[in-house]
Structure formats: structure tokens, C-alpha cells
Amino acid sequence: VRSGPVRMLLTDSLSGLKRIESESVQVCVTSPPFYLLRNYGTNPLTWPDGWEGELGHEAHPNDFIRHLLVIFDEVWRVLKDDGIMTVMFTHKDTSAWDALTKGLIEAGFIITASWPVSAWWPWGRAVM
């Protein structure tokens, strides 16, 4: 059943979310970048704290958390009261999980469930 238009945005989250009306989104599906693990080749962004670079390449985990908070605050703003955000995050470093969890909670989200995903096969190939 389709009760309204479906709109998908392919943009960087920092500027893209700012163009969306408050409380207008039912579902947000996101996959934040790995922290200090992979270069995605995106254009560097200038963040509100003045840092310029690609999300996930901050020098300190606290800076990564701060930048996630900027994005999660915007997701919170655009979600309807009964909206939901699904986050896909497969990272082997527990500090990255700590950063993600802290960012979600500080932005006001309630984590209702999580499921571990085996991201790597024993022979080293990624499962995507």
C-alpha cells in the first residue's frame, strides 16, 4: 500500500538533510562510514566545527562522534514523531561501535534492537 510519494536522496548527509522539511520523513536508512578504516573517495566537507574532511577520517574518536551527532541531530529533526531510522554498521573495532552508539543516544534516539552481522567470511571476502 502506498499512501504517499517515495523519495530517495543520494547526497552527502551534511548538506542534504538541511534541505528536508522538519518532521516530513517516515524512514531513514543509513550506513555511516567506517572510522579510520576506508577512504570512500568523497569530496571533503567543511563541518560546523571548522574541520574539513571525509566523515570517518577524524583524528580522534570524539571528533567522529561530534560529526555523527551533527548528522543524527538532522535526522531527528526531519523524522516524523513515529518515524524510524535504520542504521547498517559493520565494523570490527569496538571503539567505532562505542562512537556510533554514543552519537545515537546523545541525539535522542532510542536503540530498540541490534543484530550482529558476520561481515567477513573466514577466507577474507567481504559479505555485502
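Some points to look at:
- Here the chain is treated with +1 on each Lys and Arg Cβ and -1 on each Asp and Glu Cβ, and its dipole about the Cα centre works out to around 500 debye.
- Our summary gives the chain a relative contact order of 29 percent, counting only alpha carbon pairs under 8 angstrom and 6 or more residues apart.
- 4 °C / 1.567 mPa s Stokes-Einstein diffusion coefficient of the stretch 44-99, Kirkwood radius on C-alpha pairs, µm²/s: 102
- Taking packing as the residue-averaged number of other Cβ atoms within 10 angstrom, the listed peptides 51-61, 82-92 run from highest to lowest as 51-61, 82-92.
- With N as its number of residues, the chain has a Cα radius of gyration that, divided by 2.2 N^0.38 Å, comes to 1.11.
- Set of lysines near Lys92 by C-alpha distance (under 29 Å), chain-local residues within fewer than 8 positions excluded: Lys102
- Residue-averaged 222 nm ellipticity for the chain, from DSSP H runs of 4+ at -39500 (n - 2.57), nearest 500: -8500 deg cm²/dmol
No lab work stands behind these numbers, since they all come straight from the coordinates. Predicted, not measured: the structure shown is a model, and the values here were computed from it. Don't worry about glycine lacking a Cβ; one is built from the backbone with ideal geometry, like all the others, and counts go over all protein chains shown.
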